[in-house]
Amino acid sequence: MKSQLSTTPDSSHPVSTEKPGVRRIAVLPVRDTVLFPHSVLPLTVGRESSIQLIESLGEERSIVVAAQLDARADTPKPADMHAVGTLATVHKVVRMPNQSRFVFTEGVQRVRLVRFVQEEPFMVAEIEPLEDVESESTPAFEALVRNVVEQFKQIVSESPTLSDELRTIAENIEEPTRLVDFVASSLPFLTTDDKQQLLESASIADRLEQLNKTLAKEMEVQQLRNKIQSEVQDQVQQTQRDYYLREQLKAIQKELGDQDEGQRDAEELRQKIEASGMPEDVKKEALKELARLARMSPMAADYSVTRNYIDWLALLPWAKSSGTAVDITKAKDILDEDHYGLKKVKDRILDYLSVLELKKDMKSPILCFVGPPGVGKTSVGRSIARATGRKFQRISLGGMHDEAEIRGHRRTYIGALPGQIIQCIRRAETNDPVIMLDEVDKLGRDFRGDPASALLETLDPEQNNTFRDNYLDVPFDLSKVLFITTANVLDTVPPPLQDRMEIIPLQGYSEDEKKQIAFRYLIPRQIKENGITVEQIEFPDESVLHLVRYYTREAGVRKLEQQIGTICRKQARRVVEGKKDKLVVTKEVIREFLGNIQVRVETEIAERIKRPGVAVGLAWTPAGGDILFIEANKMKGKGTFTMTGQIGEVMQESMQAALTWVRSNATELGLAEDFTKDTDLHIHVPAGAIPKDGPSAGVTMATVLVSLLTNSTVRPLTAMTGEITLSGNVLPVGGIKEKFLAARRAGVETIILPAENRQDVEEDLTPELIGGTTIHYANRIEDVLAVALPQLKFRTEKPAVEAETIAEIAV
Ligand SMILES: Nc1ncnc2c1ncn2[C@@H]1O[C@H](COP(=O)(O)OP(=O)(O)OP(=O)(O)O)[C@@H](O)[C@H]1O
Ligand SMILES: [Mg+2]
């Protein structure tokens, strides 16, 4: 407690008795404290004026201690002082080494400072005693007194700083006014203002009341503080307890020879990271995560997430490859060993591998195998992996909607994992596997993002050396991976993706090729897979042909393999049932095992084109080629033209073109010029549930219309394909091999093709394939009609100029 005084020495010094009861006494100004009667207050006196005051004290050691209005005033004037102070006796003065004085004062009486009579060097004032206004001892007053005592006692006992003696003293004070002064001077938490107020109020009852309120408030504060204190303590104790238990557990494990689970785990991970050969910056990231892991409790929810992540980083084959230098002759042997035929495909693959071998850093284009199901796209991919000594991994893109399936989810997602690409790499355990992306043509796309664009980045050789999976969040070099995609059709593959790929078409197989594949690959494989031996089953040549022709209708050989598999399983059962004889698979056996003939196209064609107005077209579908019946009919009407059978716009337009050609050539065809006037025409393409489109049925439609209108039937077992122009020219179409094979499968003997497709026939079809089929080439629709409708009498005196005047747009 610190306080100073200031005033002037006065010759007439401390006491004067001009008026009775009025005295002149030096005033010691103090800051931040109030002296109560009957209490002792030690003061440090440091201000020059105050030191002079203390020094000037004579025999009578009385001063007035009064509080400053503003504690910050350094040289207080009379106006800065409270008007009520305490008359005090100075008991002892101690000189301190720094010239200040340590003064013990004891309060005697409340006094009012009436008038200041001196300011320098210290203040002297006239004072008069402040008399207490006593109260009657009513029960209410009595209760107030007791309440103050009780509350004070309680505060003292709950407080860690106040001495318990204070309680006894308070109990023994009988005068209420002394009680108030004692309590007020003992409590450290009373503000100077509170204290000054207690000093100034004359009524004892008022003082008691004020004190009572202050005590009640303090008790509340004290209780709250205790509550907070105990809560904090509880928490601290709980964490300490956990800590000690864990430490003890560690100690016990150490005694038992067990290493700390977490430590051992972290050490293992560190070794994996070191051994993984990852690039420096990735390693830095991994070690950072590892350090984080070491600080975590294995019980924490994050622990396994972080651990998994480090595991992924550590287990990726950053620097491990398996690809060997490619020996082209050996590669060719392997490709030949695994697949029959496919000469063009194998050639292109070998070209590709040669370049890859010569230019190691080549930014290689992605291979894309396009063709009908079951022609060996996936299995050729496997073969390439075998030929180059790489691992093989497959991702099916069919129906994939979510970009995250390719590129992974961010680690912040619950249960996040890397995308398929990175998962493949991890499964392959090498960084240069062959990754086959099956069914690029069936990629989906919706609100979850566009997997095609994620794929673009993956496949782009310019970008994929820093492929960033969302989960890993560090770049991984995919440039050594050999990507191969497959598709049934190219139409639905996004063009930017097509641009990055080298398209290699795989065509369907002829009956003979299928037979060869069956004997060399499918039959031996199915025999082995079903646990029987070659001694137990025999497939004669003509039976396999029978299977191909009557039990399958496909461009590839998947169904054929299934049927062979079914037969092998039946034989397996016979063997188990104890039948020891070798089974020769005759047509009868096939019928017994597989049921009646499933495909009956030869007779179908013959039956259906018996009447005028029906012809067979050839279509190209994702499943290979197929035959397509086109029918027309007429009835009395007003000249309308109806087209049905789920046909697309292009096909409808070519129907219109066919009709226009027929109408403009009505005379030459022997028809009435206005034959449409009272006739309605209807063209239908059966199998109405399957959507069809494309211009290649143009010639067939013209043929159907002419056949209907001239009432002449189409040549038996004949099929045709080709686009027509309004002037009757026949334009070339695609998919010749597939269409040819489909026609052969259906038992067609005569095929009419556009003349410009002659080259495709020569390139893609071998003489054995063509066999007994007759191929006619047509430049104009008249050429087609001449073959398809042999009975038709065509009047050729049509002026040639007329045809030329019609503008032609060849598509
Ligand atoms: N030329 C061939 N030589 C030997 N086996 C073949 C040949 N072509 C296909 N196969 C066999 O036919 C089966 C089907 O082939 P694969 O699964 O590769 O077809 P795919 O073209 O990938 O079909 P999809 O488009 O339906 O995926 C495989 O068992 C494959 O070995
Ligand atoms: Mg496949």
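The values are calculated or read from the model by the stated rules, or taken from the named source; none is laboratory data. Just so it is clear, the structure is predicted and the values come from calculations on it, not from any experiment. As a convention, Cβ positions derive from the backbone with ideal geometry for all residues, glycine included, and neighbour counts pool all protein chains shown.
Tell me whether region 139-158 contains one or more residues that are surrounded by fewer than 13 Cβ atoms within 10 Å (Cβ to Cβ), within 20 Å of Glu220 (Cβ to Cβ) and within 60 Å of the chain's Cα centre (by Cα). No: region 139-158 contains no residue that is surrounded by fewer than 13 Cβ atoms within 10 Å (Cβ to Cβ), within 20 Å of Glu220 (Cβ to Cβ) and within 60 Å of the chain's Cα centre (by Cα). Among the residues of region 424-483, those identified as away from ligand 1 (no atom under 16 Å from the Cβ), under 18 Å from Ile395 (Cα atoms) and aliphatic (A, V, I, L, M) are Ile425, Ala428, Ala452, Ala454, Leu455, Leu456, Leu459, Leu478, Val481, Leu482. Kindly check whether there is at least one residue in region 536-555 that is in contact with a helix residue (DSSP H, G or I) (Cβ under 9 Å, 6 or more places away or on another chain) and within 16 Å of ligand 2 (Cβ to nearest atom). There is at least one residue in region 536-555 that is in contact with a helix residue (DSSP H, G or I) (Cβ under 9 Å, 6 or more places away or on another chain) and within 16 Å of ligand 2 (Cβ to nearest atom). Filtered by the rule that a residue be part of a helix (DSSP H, G or I) and in contact (Cβ under 8 Å) with a residue 60 or more places away in the chain, region 719-741 gives Lys737, Glu738, Lys739, Phe740, Leu741. Any residue at all in region 319-340 that is within 16 Å of ligand 2 (Cβ to nearest atom) and at negative phi? Checked region 319-340: at least one residue is within 16 Å of ligand 2 (Cβ to nearest atom) and at negative phi.
The criterion of being surrounded by fewer than 23 Cβ atoms within 10 Å (Cβ to Cβ) and among the β-branched types (Val, Ile, Thr) holds for Thr713. Based on what the data block shows, is Phe483 more than 17 Å from Lys377 (Cβ to Cβ), in contact with a helix residue (DSSP H, G or I) (Cβ under 8 Å, 6 or more places away or on another chain) and at pLDDT 85 or above? Answer is no for this residue. The residue that is farthest from Arg745 (Cα to Cα), among those in region 555-566 that are touching a Pro at 6+ places or on another chain (Cβ under 7 Å) and buried (at least 19 other Cβ atoms within 10 Å of the Cβ), is Gly556. Put simply, of Pro418, Pro372 the only residue that is buried (at least 22 other Cβ atoms within 10 Å of the Cβ) and within 12 Å of ligand 1 (Cβ to nearest atom) is Pro372.
Confirm whether Asp265 is of a type outside the set (Gly, Ala, Ser), in a helix (DSSP H, G or I) and either out of contact with any helix residue (DSSP H, G or I) (no Cβ under 8 Å at 6 or more places or on another chain) or closer than 30 Å to Lys515 by Cβ (or both). No, not satisfied.
This table checks each residue for (1) modelled with pLDDT of 90 or more; (2) among the β-branched types (Val, Ile, Thr); (3) over 20 Å from Thr430 (Cα atoms).
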| position | (1), (2), (3) |
| --- | --- |
| Ser304 | no, no, yes |
| Ala325 | no, no, no |
| Leu335 | yes, no, yes |
| Asp338 | yes, no, yes |
| Leu350 | yes, no, yes |
| Val370 | yes, yes, yes |
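Restricted to region 554-650, the set of helices (runs of 4 or more DSSP H) holding at least 2 residues that are farther than 30 Å from Leu708 by Cβ comprises 558-576, 587-594.
Within region 366-419, the set of residues being among the small types (Gly, Ala, Ser) and within 16 Å of ligand 2 (Cβ to nearest atom) comprises Gly371, Gly374, Gly376, Ser379, Gly381, Ser383, Ala385, Ser396, Gly398, Gly399. If you go through region 763-781 and pick out every residue that is out of contact with any Ser or Thr (no Cβ under 9 Å at 6 or more places or on another chain) and either aliphatic (A, V, I, L, M) or assigned to a helix (DSSP H, G or I) (or both), you end up with 5. Of the conditions (1) within 30 Å of Thr378 (Cβ to Cβ); (2) away from ligand 2 (no atom under 16 Å from the Cβ); (3) not acidic (Asp, Glu), Lys559 fails just one. Which one is it? For Lys559, the failing item is (2).
Determine whether region 400-408 contains at least one residue that is more than 24 Å from Thr466 (Cα to Cα) and either more than 13 Å from ligand 1 (Cβ to nearest atom) or of a type in the set (S, T, N, Q) (or both). Scanning region 400-408, I find no residue that is more than 24 Å from Thr466 (Cα to Cα) and either more than 13 Å from ligand 1 (Cβ to nearest atom) or of a type in the set (S, T, N, Q) (or both), so the answer is no. Within region 98-121, the residues that satisfy the criterion of being closer than 20 Å to Pro42 by Cβ and either part of a strand (DSSP E or B) or at pLDDT 85 or above (or both) are Ser100, Arg101, Phe102, Val103, Phe104, Thr105, Glu106, Gly107, Val108, Gln109. Given the condition farther than 24 Å from Glu337 by Cβ, at pLDDT below 85, in contact with a helix residue (DSSP H, G or I) (Cβ under 7 Å, 6 or more places away or on another chain) and crowded, with 17+ Cβ neighbours inside 10 Å, answer yes or no: does some residue in region 499-513 qualify? The answer is yes, given that some residue of region 499-513 is farther than 24 Å from Glu337 by Cβ, at pLDDT below 85, in contact with a helix residue (DSSP H, G or I) (Cβ under 7 Å, 6 or more places away or on another chain) and crowded, with 17+ Cβ neighbours inside 10 Å.
Residues are listed down the side, and each one gets a yes or a no for (1) at pLDDT 80 or above; (2) of a type in the set (Gly, Ala, Ser):
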| residue | (1), (2) |
| --- | --- |
| Val180 | yes, no |
| Asp206 | yes, no |
| Thr214 | yes, no |
| Leu224 | yes, no |
| Ile228 | yes, no |
| Gly257 | no, yes |
| Gly277 | yes, yes |
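Applying the criterion of being in contact (Cβ under 8 Å) with a residue 40 or more places away in the chain and among the basic types (Lys, Arg) to the residues of region 514-547, the residue that is surrounded by the fewest Cβ atoms within 10 Å (Cβ to Cβ) is Arg520. Among the residues of region 757-788, those that are without any contact (Cβ under 8 Å) to a residue 60 or more places away in the chain, surrounded by 15 or more Cβ atoms within 10 Å (Cβ to Cβ) and farther than 20 Å from Val714 by Cα comprise Asn757, Asp760, Val761, Leu765, Ile770. Number of residues in region 273-328 that are part of a helix (DSSP H, G or I) and not aromatic (Phe, Trp, Tyr): the value is 32.
Quick one: which helices (runs of 4 or more DSSP H) lie wholly within region 135-236 and hold at least 3 residues that are closer than 19 Å to Thr33 by Cβ? Because the criterion is at least 3 residues that are closer than 19 Å to Thr33 by Cβ, the helices (runs of 4 or more DSSP H) in region 135-236 that meet it are 176-186, 192-200. I'd like the full set of residues that are within 16 Å of ligand 1 (Cβ to nearest atom) and of a type in the set (Asp, Glu), limited to region 484-539. Passing the criteria: Asp491, Glu511, Asp512, Glu513, Glu529. Against the numbered list (1) closer than 18 Å to Val787 by Cα; (2) modelled with pLDDT of 85 or more; (3) surrounded by fewer than 22 Cβ atoms within 10 Å (Cβ to Cβ), Thr667 comes up short only at (1). If you check Ser354, Ser364 for being surrounded by 15 or more Cβ atoms within 10 Å (Cβ to Cβ), modelled with pLDDT under 90, small (Gly, Ala, Ser) and more than 8 Å from ligand 1 (Cβ to nearest atom), only one passes: Ser364. Residues that are in contact (Cβ under 8 Å) with a residue 24 or more places away in the chain and either within 20 Å of the chain's Cα centre (by Cα) or within 16 Å of ligand 2 (Cβ to nearest atom) (or both) within region 420-429 comprise Gln420, Ile421, Ile422, Cys424, Ile425, Arg426, listed in sequence order. Of all the residues in region 375-391, those that are within 16 Å of ligand 1 (Cβ to nearest atom), part of a loop (DSSP other than H, G, I, E, B) and among the small types (Gly, Ala, Ser) number 1.
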